[in-house]
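The values are calculated or read from the model by the stated rules, or taken from the named source; none is laboratory data. Everything numeric in this text was worked out from a predicted model, so none of it was measured. Cβ placement follows ideal geometry from the backbone for every residue including glycine, while neighbour counts extend to all protein chains displayed.
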């Protein structure tokens with residue numbers, strides 16, 4: 001715990017058997033109270049590895065539901081367990097688990113309600129192995145999003161993020177996509193509510209076993225990001241009402 005706040009780490013997993021143990025071993029369990037893994041119907045032995053290393057809370061989807069659906073299961077369980085701070089960490093070892101104390105502290109002590117680990121702030125994205133097309137698209141999309149949503153974030157597309165449970169309970173994330181665009185939708189919802197998002201520098205680490213969507217799915221994701229950002233702007237200007245933001249104040 002930190003500041004008497006319960007810290008829960010969630011691991012949305014899909015075919016993560018090769019990197020799961022390494023990721024889990026570096027989670028600082030001296031401050032993390034619970035670890036939750038949701039397996040989105042992997043076709044490798046992710047579940048067996050999770051049980052072997054001692055993860056207590058394991059959720060298994062009976063079919064592949066998608067990355068967004070995986071997160072929904074994780075967040076639901078974290079709230080059920082009484083978490084105060086929820087940290088999403090991909091189990092593919094692309095992000096450094098050793099940043100958990102710093103990220104958790106920023107939320108637990110009330111400085112921010114949402115904190116992102118940015119691969120862009122430290123200027124190590126390319127040297128860490130991020131494909132050049134992903135880096136360029138990341139920078140372009142982030143610039144457009146900042147303009148459309150009146151923000152100043154360095155990156156919207158990191159999979160390493162921390163939320164206060166207060167925020168999660170106020171966001172209708174169950175209405176969001178079950179696919180990759182879920183990540184962007186929940187941040188757009190936070191911005192629409194006026195929540196100030198903090199960032200911390202995180203070294204990029206792309207290795208052969210790190211998960212990554214292909215160019216086609218990246219392109220579809222990019223189009224989805226632009227749609228979410230435009231919807232945000234139109235809603236703010238009262239030009240149209242979108243389900244994504246309608247229940248937010």
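Hey, among 122, 194, which residue is farther than 15 Å from residue 88 by Cβ, out of contact with any helix residue (DSSP H, G or I) (no Cβ under 9 Å at 6 or more places or on another chain) and at pLDDT 95 or above? Break it down into steps so the answer makes sense when it comes.
On the way: 122 fails: at pLDDT 95 or above.
Going through 122, 194 in turn, just one is farther than 15 Å from residue 88 by Cβ, out of contact with any helix residue (DSSP H, G or I) (no Cβ under 9 Å at 6 or more places or on another chain) and at pLDDT 95 or above: 194.
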For the condition crowded, with 24+ Cβ neighbours inside 10 Å and at pLDDT 95 or above, what is the one hit in 83, 108?
83
Picking from 20, 37, 11, which residue would you name as being under 25 Å from residue 109 (Cβ atoms), under 20 Å from the mean Cα position of the chain (by Cα), touching a residue at least 40 places away in the same chain (Cβ under 8 Å) and buried (at least 18 other Cβ atoms within 10 Å of the Cβ)?
11
Those residues of the stretch 158-190 which are crowded, with 17+ Cβ neighbours inside 10 Å and more than 15 Å from the chain's Cα centre (by Cα) amount to 170
Restricting the first residue to the stretch 224-249 and requiring it to be free of Cβ contacts under 8 Å to residues at least 12 places away in the same chain and at negative phi, which pairs with a second residue that is in a helix (DSSP H, G or I) and surrounded by 17 or more Cβ atoms within 10 Å (Cβ to Cβ) meet a Cβ separation below 7 Å and a spacing of at least six or different chains?
241/235; 242/231; 242/235
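Specify which of the listed residues (107, 111) is assigned to a loop (DSSP other than H, G, I, E, B), farther than 29 Å from residue 47 by Cβ and in contact (Cβ under 8 Å) with a residue 12 or more places away in the chain. Write out each step before concluding.
Working: 107 fails: assigned to a loop (DSSP other than H, G, I, E, B).
Criteria check complete, one pass: 111.
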Search result, residues across the stretch 131-156 that are at pLDDT below 95, part of a loop (DSSP other than H, G, I, E, B) and either surrounded by 19 or more Cβ atoms within 10 Å (Cβ to Cβ) or in contact with a helix residue (DSSP H, G or I) (Cβ under 7 Å, 6 or more places away or on another chain) (or both)
none
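Could you check, for the stretch 167-186, whether at least one of its residues is in contact with a strand residue (DSSP E or B) (Cβ under 7 Å, 6 or more places away or on another chain), under 24 Å from residue 40 (Cβ atoms) and modelled with pLDDT of 95 or more?
yes
Condition check ((1) without any contact (Cβ under 8 Å) to a residue 12 or more places away in the chain; (2) touching a strand residue (DSSP E or B) at 6+ places or on another chain (Cβ under 6 Å); (3) outside any strand (DSSP E or B); (4) more than 23 Å from residue 165 (Cα to Cα)) across all residues:
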position	(1), (2), (3), (4)
16	no, no, yes, yes
28	no, no, yes, no
44	no, no, yes, yes
59	no, yes, no, no
63	no, no, yes, yes
70	no, yes, yes, no
77	no, yes, yes, no
86	no, yes, no, no
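Is it the case, given these coordinates, that residue 50 is assigned to a helix (DSSP H, G or I) and under 14 Å from the mean Cα position of the chain (by Cα)? Show your work before the answer.
Values: assigned to a helix (DSSP H, G or I): yes; under 14 Å from the mean Cα position of the chain (by Cα): no.
For residue 50, the condition - assigned to a helix (DSSP H, G or I) and under 14 Å from the mean Cα position of the chain (by Cα) - is not met.
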Checking residue 123 against (1) closer than 28 Å to residue 231 by Cα; (2) without any contact (Cβ under 8 Å) to a residue 40 or more places away in the chain: exactly one of these is not met. Which one?
(1)
Criterion first (surrounded by fewer than 22 Cβ atoms within 10 Å (Cβ to Cβ) and under 20 Å from the mean Cα position of the chain (by Cα)) does residue 43 satisfy it?
no
